[in-house]
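Engineer: Supplied in structure tokens, the structure appears directly below.
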Amino acid sequence: MQFNSFIFFIFFIIVLVSYYNISSNKRNIVLLISNYIFYSYFDYRFSILLLSLTTITYFLGNFISKNNTYELKRKFLITGVFINILILGIFKYLNFFSESFVSLVNLFGFYLDPVTISTIQPLGISFYIFQSLTWLFDNYYEKIDKEYNIIEFLTFSSFFPTVIAGPIERAHRLMPQIKNDRDFNKENIKAGFYLIVYGLFRKVLIGDTIGRMINHIFAEPEYFTSFEILAAILLYAIQIYNDFAGYSSIARGAAKMLGFDIMLNFKQPYFADSVTDFWRRWHISFSTWLRDYIFYPLQLKFRYYGRWGNLLAIILTFLLCGIWHGASWNFVLWGLLHGIYLSIPVLTGQGSSFINNKINNSSTLRILSIIKTFILVLIAWILFRIENWSTLMTLVNQLVLFSSGEFVARFIKIILSYYFVSFLLDYLEIKFQTDNILLKLTPAVAFGISLIVSIIVLSYLITSDKAPFIYARF
Amino acid sequence: MISDRLKKTILNELKLENFEFDENTTADQVPGWDSLSHLNVILAVEKEFNIRFKPYELLKLKNIGELQNLIDDKLK
């Protein structure tokens, strides 16, 4: 079930009532059952995979923590990572690698049939595998200082607010919260409810309404003018941000109502003044995951190669970042492009860019840096959005025609309106130093806004098709 | 207790005038100590104390106090 569906709200109310009406030592059991009901709603067979894989991962993590010798710890870690990546590879990447390999071989005049399997990708597999892997890594790096039973671990690895699309939590952060008692707290319910309303606003009223306008432009770009395609690209940047940030707010809100603090996933990413800064603000749970478990180990391994070692670690990390999003070459190239963006300051030395040397005024410099970063990120979003190479070629061909069409004024109004609302929300998050901005308003105003947003969101959910969360397919 | 030698090495590498460290200070609390400059700090510390760390030893560290302990152990 999706967060933006009626069935989820009914499910969530039942979970909350049963969760808080049972003794605190049984709450993890209620939560674990709820997790599996939520996940089985998509397809019960995927639950069997989730349960088996995470059970194996639990025991391997325990072996790592209970062994004192470095070599044995390392062997158990490698085994655990291998099993998890193998499962991910089979369900998500086998067809992609097989078809890519066969295409390469066929280029040299041989003929092979690709080995493919006919299966649908289990929902959220990239998210829950990466979350479960933190149990192995955190045990290996001795970041877990308590013993956890299997119920606690299975609750962690299938935690329903985050299992489909994150935020990807860490074992050393979330497991202690699962172990501790969580009593009913009115403040948590209020804070969580406001986060859910805020997330639905971003998702349903910003992300989905943009999607309805631009999806057909990306589907058949040959019928649209250069200006309309540019408008679709500009609006896509706002759509993907609000779709995913909205999802993350709903996930954090649902977890908060259950008594958990889930990490912040977005911090006004389009206010970033460099691509490095963008990755400190965009999908933070994933970018810090890559930093801690992939980039740092690679960087330290290659450290005696100087800046080239750093460069190699960046490129490899971002190739992984790209392919994690989907088994497709456009995601690989999107990751590679970000890797190249991040490599430039390493090669040239930070702060020595042309803009930095020419502009002395710090506010002007910051605004120009934000615009420059946004343009770089926007170019990369084109690779992220396209479904095949012919779409990319058509987009580029249409763009270079410099045609404007008759809807220019209307599109400018639409772009400005959406940018204004999205940036206003970001500005308020900065001003109130939290993403839970409704909590900072007077109770009557916050309640009034929540009521209005809820009515509008509900009417949207009744009258139109529910658009799936973009990141839920990864 | 963080030694003046370690403190000076880190401050020099990050081009900081002054910053008060204690055992519990973490890298993300120190201005300029980000994922890219992290490598240079580690290389500077290795050079200053003439020691070599294993990646596993470094990745286990939770704060600067543990880095100091690791250096002290290597110098014993």
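Engineer: Scan the range B:60-69 and give yes if some residue there is within 13 Å of another protein chain (Cβ to nearest Cβ), surrounded by 12 or more Cβ atoms within 10 Å (Cβ to Cβ) and over 30 Å from residue A:275 (Cα atoms), otherwise no.
Structural biologist: yes
Yes/no matrix, rows are residues, columns are (1) in contact with a strand residue (DSSP E or B) (Cβ under 7 Å, 6 or more places away or on another chain); (2) farther than 30 Å from residue A:2 by Cβ; (3) among the aliphatic types (A, V, I, L, M); (4) in contact (Cβ under 8 Å) with a residue 60 or more places away in the chain:
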residue: A:257; (1), (2), (3), (4): no, no, yes, yes
residue: A:295; (1), (2), (3), (4): no, yes, no, no
residue: A:314; (1), (2), (3), (4): no, yes, yes, no
residue: A:326; (1), (2), (3), (4): no, no, no, yes
residue: A:341; (1), (2), (3), (4): no, yes, no, yes
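Engineer: Please return the ranges of helices (runs of 4 or more DSSP H) entirely within the range A:292-374 where 1 or more residues are modelled with pLDDT of 85 or more, touching a helix residue (DSSP H, G or I) at 6+ places or on another chain (Cβ under 6 Å) and crowded, with 19+ Cβ neighbours inside 10 Å.
Structural biologist: A:296-301, A:307-325, A:329-348
Engineer: Could you tell me how many of the residues in the range A:320-348 are farther than 14 Å from residue A:378 by Cα and within 14 Å of chain B (Cβ to nearest Cβ)?
Structural biologist: 9
Engineer: Would you tally the residues in the range A:429-446 being assigned to a helix (DSSP H, G or I) and either in contact with a His (Cβ under 7 Å, 6 or more places away or on another chain) or surrounded by 16 or more Cβ atoms within 10 Å (Cβ to Cβ) (or both)?
Structural biologist: Of the residues in the range A:429-446, 5 are assigned to a helix (DSSP H, G or I) and either in contact with a His (Cβ under 7 Å, 6 or more places away or on another chain) or surrounded by 16 or more Cβ atoms within 10 Å (Cβ to Cβ) (or both).
Engineer: Looking only at the range B:47-56, decide whether some residue is within 13 Å of chain A (Cβ to nearest Cβ), surrounded by 17 or more Cβ atoms within 10 Å (Cβ to Cβ) and under 11 Å from the mean Cα position of the chain (by Cα).
Structural biologist: No.
Engineer: Can I ask one more? Of all residues being assigned to a loop (DSSP other than H, G, I, E, B) and crowded, with 20+ Cβ neighbours inside 10 Å in the range A:164-192, which is farthest from the other protein chains (Cβ to nearest Cβ)? Just the residue, please.
Structural biologist: Top of the filtered list is A:164.
Engineer: Pairs only if they're at least six apart or on different chains, beta carbon under 7 angstrom, first in the range A:203-223 and under 20 Å from residue A:424 (Cα atoms), second surrounded by 13 or more Cβ atoms within 10 Å (Cβ to Cβ) and of a type in the set (Ser, Thr, Tyr); list them, first residue then second.
Structural biologist: Here the result reads A:203/A:247; A:204/A:460; A:206/A:418; A:206/A:422; A:210/A:418, each pair linking the range A:203-223 to a residue that is surrounded by 13 or more Cβ atoms within 10 Å (Cβ to Cβ) and of a type in the set (Ser, Thr, Tyr).
Engineer: Determine, yes or no, whether residue A:281 is over 30 Å from residue B:53 (Cα atoms), surrounded by fewer than 19 Cβ atoms within 10 Å (Cβ to Cβ) and free of Cβ contacts under 8 Å to residues at least 60 places away in the same chain.
Structural biologist: yes
Engineer: Determine, yes or no, whether residue A:156 is assigned to a helix (DSSP H, G or I) and free of Cβ contacts under 8 Å to residues at least 60 places away in the same chain.
Structural biologist: In short, yes.
Engineer: Please specify each residue of the range B:11-46 satisfying the condition of being surrounded by 16 or more Cβ atoms within 10 Å (Cβ to Cβ), of a type in the set (S, T, N, Q) and either more than 13 Å from every other protein chain (Cβ to nearest Cβ) or touching a residue at least 40 places away in the same chain (Cβ under 8 Å) (or both).
Structural biologist: B:25
The values are calculated or read from the model by the stated rules, or taken from the named source; none is laboratory data. These numbers come from a predicted model, not from an experiment. Cβ coordinates were reconstructed from backbone atoms using ideal geometry, including for glycine residues, and neighbour counts include every protein chain displayed.
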